[in-house]
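Undergrad: Dumping the structure here so I can ask a few things about it.
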Amino acid sequence: MSDVEERLRDDEPAEDESSRTSRPSGAPLNGAGNENTRGSSPAHGRDIVARSSAEVIGTSVIERTGADESLEMEQELMTVNLGPHHPATHGVLRLLVSLQGETVIDLKPIMGYVHTGIEKNCEDKSYWKAIPFVERMDYLSYFFNMQAFVGCVEKMLDLEIPPRAKYLRVIHMELNRLHSHLVWLGTSALDLGAMSMFFYCFRDRDRILDLFEMSTGQRMHTRYFQVGGVFEDIPVGFERKVKAFTQEFPTRIDQFEALLTKNEIFLQRTKGVGIVDRERLKQLGVTGPLLRAAGEPWDLRKVDPYLAYEDFDFDIPIGTVGDGWDRFRCRIQEMRESVRIIEQAIDGLPEGPVLADDRKIVLPPRHELSTSMEALIHHFKLVTEGFRVPPGECYYPIESPRGELGCFILADGSAKPARVHFRDPSFVNLQSLRDMCVGEYIADMIQNLAMLDPILGGIDR
Amino acid sequence: MEVKREKIRASLPLDEPDPNKALHVRQVRARDLLRGDIEGVDLEKVVEEAVLTTRLDKVLNWGRANAVFPATFGLACCAIEMMSVVSPRYDIARFGAEAMRASPRQADMLILSGRVSIKMAPVVRRLYDQMLEPKWVVSMGACSSSGGMFSNYAVVQGADKFLPVDIHVPGCPPRPEALLYGFNKLQRMIRGNPDIGWRTRYSAHGTEEWARDLGKVTDEARDAYAAARDIAEAAGPPVSGSPGTPVDVPGPPQERVAVPSKPERDAGRFI
Amino acid sequence: MPDAPGLELIRADLNEAHPDAITGSYFEYGQACLICDPAKIRDVLAWLRDTPGQEYTFLASVHGVDYLPAEPRFGVHYELLNMARVERIRVRADLDDPGHDKLPEIPTVSDEWPTADHQEREVYDFFGIVFTGHPDLRRILMPEDYVGWPQRRDFPMGGEPVIFTNTERDVPGWYA
């Protein structure tokens, strides 16, 4: 039973007290001693990572894992179906898991259970009317979906939006990033057993939704971004409320950290679990906090700034190992950075209009409709037919809470897009779930799925 | 000496349609009950009618309404608002429904939150079938009520198409308060209180599209349909139809076969 | 992004390395795009990744487009990204519709670029474009037994007609 001894030896957690202290942003968050934690020896399937999927599916299980033949006598393979209705699958994701005892040998995600045909439906609507459709794809980061679509259309129209609109967009997007990370934190902690985190996170999430309701009128799916800027200016008390929120929210994040970061159970469950190295993640197309937790400093807000992000001073948290603990810490730190951005944005909010001036694209303000004939005609044309976009193709990527969210639009010169496609980060990130889970326990699979933060609306569209 | 008492009871049927005689029947039955003269099947029937129907059923329904275990079917965006119904601000635990059971075998109420795609519909149906009676379905949001904004190949246009739905909560997504309002309506329905429909509030009975007494068409319904048919025929052929094709204007509803109804479920369906 | 002259340089170099692979190029909205012959797509992508000056190592997106009624009908877009220089380039493979019961084919890149696995399945699911050599080409988002390629332009949108007061008569028996 020498391999069992090996496995027991690997199970000892490495000592890394350096990771328990809080670090300044931008510095590596984990000590270097984490490579020895469980899951990293070849017997646990690390070499599966290097093989192509064709080989893996075709060959037998025992060959693939290199498992000892004596094991074949003792245990048999069991295929378990998780989902689509399951409390821990973060939506309707179905997983076919082949287990040998409690170790995951193979994993196949089956999706499509909430496929809504949004991309096809957008082809039937004018650009303005497609915005609510597109919003509902990745349903936790609706402002980001809107920004990807609206930004792509603005790029094709070569439309410059006023600076106040840029700042307002940034504020709402960063608030949405906070909201998305809070829901992630609440549901992930719930999956791992820390049920009270759910209530704390949703309490704070409700405060963010109050802010959204104040400025846009709706809690979720606000249809706030328009081609040319933002739908409406913020009301009078909004700045004050956002400032109060940003003053108070870092203490809340401290409370969340105090609940989880010193919790031995949480540490044991997340440290050293689900490690996939950087190069493999990049091959799989993974972006976002997953890639940053693995050590790659890639954030589209910094490397390829859009809107007003270059005006703000913020850092990108990067991990070292890329396990569940790193992903957790990255997202927590990202929440703090988002609060910094919101503070700077609300302090530096420029005056001016919130919609661009081009009346052929942007609706005129209502008070002009009773005095100006051109405004009336523009309004009529825009509402009934919509503005036309010259023929062409454009791909516009932004950084959503889950990674690179890209919008591809093919315009054929008419008022309706000919093809809208979203490169959704969760869809591509889900391909890394297999690499994370194979060779580890099924309980770790739940944790990996939680730390992956998939949103099925974005995966299925 | 034996006192002979007249057994009038046999000649009085227990369900007497004539309202004038029904009171007399009930009085006689009450007298016999007090005397101890009713036995056997008749006694059981009386007890069932008088006691269980009024008291025990109410207690049962009160218990069912205040301890509903939702089976959360979080499909899409509405699932997030459903999760926030559990959250401290819009607390569904006040109404006793915070124990969200993942297993359908343990759940009473299915909250369909989100768009039902064609791939998911058989799964939902199977889960609904696995739930034990009594069960209720709340269709939360526009997408599960009617397909929502997604009128396309991939979304089932309303969960009504394959599930019986009790409460539809509109919104996209509905606010948590809206879901709580719908849940309260469901609770009232469970308790058997039919006074939740607008027809009762606005005295609009007689405007339903089906006959109220199953098997009979009321006179006012028949008149109303005749009047509508006259107006429709006088208006001529519809603009959207092709000229010359006869349009099948629906006539008065046919006599329906009486379908056995479950009183505790149909009580609130006057909408 | 490589600018327009940079794009022409890339095209010229590619033509030296793999003649007749690139059939066109265009530059719009600040984005560079190469139009490629579908049979040579693997060579083109490998060249863009491995050549020392190019190094587009990140495949961000693989998606399909139906250009109906323009010919060639289908296009498969490969969005490449150079992380070091933050430059993007798009390679587009134009496919003809063979018509009737045959489906357009293009070689898969999922063995070299593992991210293309699910994304090529999605293109197959929605457009019917077969990626030859893909280890597991089956529908990903639609039910497995679905018939039809939904995101083609000639596929109907589906759904139900909305019933207004003036269209009630066209949908007889709607109240039942």
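Undergrad: What's the ranking of A:332-343, B:71-82, C:100-111 by average number of surrounding C-beta atoms within 10 Å, highest first?
TA: Descending mean neighbour count gives B:71-82, A:332-343, C:100-111.
Undergrad: Give me the one-decimal nm value for the distance between modelled label points at C:E160 and B:R222, 7 Å along each residue's Cα-to-Cβ direction.
TA: Computed distance between label sites C:E160 and B:R222 equals 3.2 nm.
Undergrad: So what's Rg/Rh here for region A:110-227, counting alpha carbon atoms and using the Kirkwood radius for Rh?
TA: Result: Rg/Rh = 1.03.
Undergrad: Any idea what Rg and Dmax come out to for region A:100-148 if you just take the C-alpha atoms, in Å?
TA: Rg and Dmax of region A:100-148, Cα atoms, are 16.6, 54 Å.
Undergrad: Separate question: Calculate the spin-label point distance for B:D230 paired with C:D170, positioning each point 7 Å from the Cα along the beta-carbon direction, and give it in nanometres.
TA: Taking the two extended label points, one gets 3.0 nm.
Undergrad: Which order do the peptides B:165-171, A:426-432 come out in when sorted by mean C-beta neighbours inside 10 angstrom, highest first?
TA: The most tightly packed comes first, giving A:426-432, B:165-171.
Undergrad: Return the FRET efficiency for the residue pair C:A70, A:I442: r is the Cβ-Cβ distance, R0 is 56 Å, and the value is rounded to the nearest 0.05.
TA: Between C:A70 and A:I442 the formula returns 0.65.
Undergrad: Run the numbers for C:D111 and C:A17: contour at 0.36 nm per residue of separation, minus the present Cα-Cα distance, in nm.
TA: Result: 31.7 nm gained on full extension.
Undergrad: A follow-up question, please. What value in Å³ per residue do you get for the convex hull of the alpha-carbon atoms in region A:365-461?
TA: Here the figure is 135 Å³ per residue.
Undergrad: Taking each residue of A:194-204 in turn, how many C-beta atoms of other protein chains fall within 10 Å of its C-beta, and what is the average?
TA: Per-residue shielding by partner chains comes out at 2.
Undergrad: If you count, for every residue in A:417-430, the Cβ atoms of partner chains within 10 Å of its Cβ, what is the mean?
TA: Per residue, the average neighbour count from other chains is 4.
Undergrad: Further question on the same structure: Give the dimensionless ratio obtained when the Cα radius of gyration of chain C is divided by 2.2 N^0.38 Å.
TA: Expressed relative to 2.2 N^0.38 Å, the Cα Rg reads 1.28.
Undergrad: If you don't mind, another one. Between region C:19-85 and region A:187-234, how far is it from one alpha carbon centroid to the other, in angstrom?
TA: 38 Å
Undergrad: If you don't mind, another one. In terms of the Cα gyration tensor, with a ≥ b ≥ c the square roots of its eigenvalues, is region A:150-202 rounded because a/c is under 1.5, prolate because a/b exceeds b/c, or oblate?
TA: Prolate, since a/c reaches 1.5 and a/b exceeds b/c.
Undergrad: Do you know the relative contact order of region C:49-176, to the nearest whole percent, from alpha carbon pairs under 8 angstrom that are 6+ apart?
TA: The value is 17 percent.
Undergrad: At 0.36 nm per residue, and after removing the present C-alpha to C-alpha distance, how many nm does the segment from A:L376 to A:D124 gain when stretched out fully?
TA: Difference between extended and current length: 88.2 nm.
Undergrad: Here's a follow-up. Quick one: 3J(HN,Hα) in Hz for region B:220-235, Karplus 6.51/-1.76/1.60 with θ = phi - 60°, rounded, Gly and Pro as x.
TA: 3J(HN,Hα) across region B:220-235, in whole Hz: 5, 5, 4, 5, 4, 5, 5, 5, 5, 5, 5, 4, 5, 6, 5, 6.
Undergrad: Taking the mean number of other Cβ atoms within 10 Å as a proxy for protection, how do you rank B:222-231, A:357-366 from highest to lowest?
TA: A:357-366, B:222-231
Undergrad: Would you list, by chain and number, the lysines whose Cα falls below 19 Å from the Cα of B:K119, excluding same-chain residues fewer than 8 positions away?
TA: Cα-Cα hits under 19 Å: A:K108, A:K120, B:K161.
Undergrad: Within a 10 angstrom radius of each residue's Cβ in B:109-115, how many Cβ atoms of other chains show up on average? Whole number is fine.
TA: Counting other chains' Cβ atoms within 10 Å and averaging over B:109-115 gives 2.
Undergrad: Could you please state, rounded to a whole Å, how far the C-alpha centre of region A:316-394 is from the C-alpha centre of region A:273-294?
TA: 29 Å
Undergrad: A further question follows. Among C:I89, C:I41, C:I163, which one shows the biggest mean-square fluctuation in a GNM of chain C, springs joining Cα atoms closer than 10 Å?
TA: C:I163
Undergrad: Given a Förster distance of 35 Å, report the FRET efficiency between B:C172 and B:R101 from their Cβ-Cβ distance, rounded to the nearest 0.05.
TA: 0.85
Undergrad: If eta is 1.002 mPa s and T is 20 °C, what Stokes-Einstein diffusion coefficient results for region A:231-375, Kirkwood Rh from Cα pairs, in µm²/s?
TA: Once the numbers are plugged in, D ends up at 115 µm²/s.
Any read-out appearing in this document is the output of simple, stated calculations on the displayed coordinates, not a laboratory observation. Computed from a predicted model, the values in this text were never measured in an experiment. Every residue, glycine among them, receives a Cβ derived from its backbone with ideal geometry; neighbour counts consider all protein chains shown.
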